[in-house]
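Presented below is the structure to which this report refers.
The values are calculated or read from the model by the stated rules, or taken from the named source; none is laboratory data. Note that the structure is a prediction, hence the values are computed from the model and not measured. Methodologically, a virtual Cβ is constructed for each residue, glycine included, from the backbone with ideal geometry; neighbour enumeration extends over all protein chains shown.
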Amino acid sequence: MALTPSTMLALGTKAPDFDLPDVVSGRRVSLGTFAGKQALLVMFICRHCPYVQHVKTELARLGRDYAEKDLGIVAISANDVANYPDDAPDKLKAMAKELGFAFPLCYDESQETAHAYTAACTPDFFLFDVSRALIYRGQLDEARPGNNKPVTGRDLRAAIETRSPASAATSSGRRATSPTTSIEETVSLFLSGEGRKREMVPGQS
């Protein structure tokens, strides 16, 4: 299958609101849930995606590192479970518990939130500042399945550290380096479909 580029909101765009259930706790999660946070990271992921599988441990580590910082984090899965049962809420819950996610993992059954964010791929990362304006829309790092590059979260961590007031350093004491890649270089699975339930196919820029 062809690889497809990620497409995202323009920088400066205000975060679209949402109201989705956390697959672990069942609680509703919205922008208001993070009202006290100086920055907000919205991640679109799914369980069956090989790119997410490749970086899932780093996603969990990122959540732990910023759990006590002024950064809100939420993950959202919007895949069509009829075609991909591994992305059903119960399977997402199992993944979140297995990895010890320190952030809510929400299920967007209608895919309205994914459409509002123009989320095209998994994983897709959207970092918003205190006014909830988009300040970063790039990759986690340069690691890809099969390219033998370490999964470090380098680019996303750098964006959090240098572009938002959420934290001066991670809780593990590591400082991120400056981000060198942009959305044009992300590689992930494409959320395809127009006017119907969207499906996952491999995607890259």
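Odds and ends about this structure:
- Across the stretch 59-66, a minimum of one residue is classified as touching a Ser or Thr at 6+ places or on another chain (Cβ under 7 Å), closer than 24 Å to Ala15 by Cα and at pLDDT 95 or above.
- Members of the stretch 73-99 found to be within 14 Å of the chain's Cα centre (by Cα) and either in a strand (DSSP E or B) or without any contact (Cβ under 8 Å) to a residue 24 or more places away in the chain (or both), listed by number: Ile73, Val74, Ala75, Ile76, Ser77
- Residue match in the stretch 173-193 (condition: surrounded by 20 or more Cβ atoms within 10 Å (Cβ to Cβ), at pLDDT 65 or above and assigned to a strand (DSSP E or B)): no
- Qualifying residue in the stretch 60-69 (condition: in a helix (DSSP H, G or I) and among the hydrophobic types (A, V, I, L, M, F, W, C)): yes
- Selected residue (criterion: surrounded by the most Cβ atoms within 10 Å (Cβ to Cβ)) from residues of the stretch 37-57 that are of a type in the set (S, T, N, Q) and either at positive phi or not in a loop (DSSP other than H, G, I, E, B) (or both): Gln53
- Among residues of the stretch 118-136 being crowded, with 23+ Cβ neighbours inside 10 Å and part of a loop (DSSP other than H, G, I, E, B), the one that is farthest from the chain's Cα centre (by Cα) is Ala119.
- Residues within the stretch 100-117 that are crowded, with 19+ Cβ neighbours inside 10 Å and in a loop (DSSP other than H, G, I, E, B), tallied: 5
- Hey, Leu140 of a type in the set (A, V, I, L, M), modelled with pLDDT of 95 or more, in contact with a helix residue (DSSP H, G or I) (Cβ under 8 Å, 6 or more places away or on another chain) and closer than 21 Å to Ala75 by Cα or not: yes
- Matching residues, the stretch 58-68, being over 14 Å from the mean Cα position of the chain (by Cα) and either hydrophobic (A, V, I, L, M, F, W, C) or surrounded by fewer than 19 Cβ atoms within 10 Å (Cβ to Cβ) (or both): Arg64, Ala67, Glu68
- Among residues of the stretch 100-126 that are without any contact (Cβ under 8 Å) to a residue 40 or more places away in the chain, those with a Cβ under 9 angstrom from a residue that is hydrophobic (A, V, I, L, M, F, W, C) and outside any loop (DSSP other than H, G, I, E, B), sequence gap 6+ or separate chain, pair up as Glu109/Leu20.
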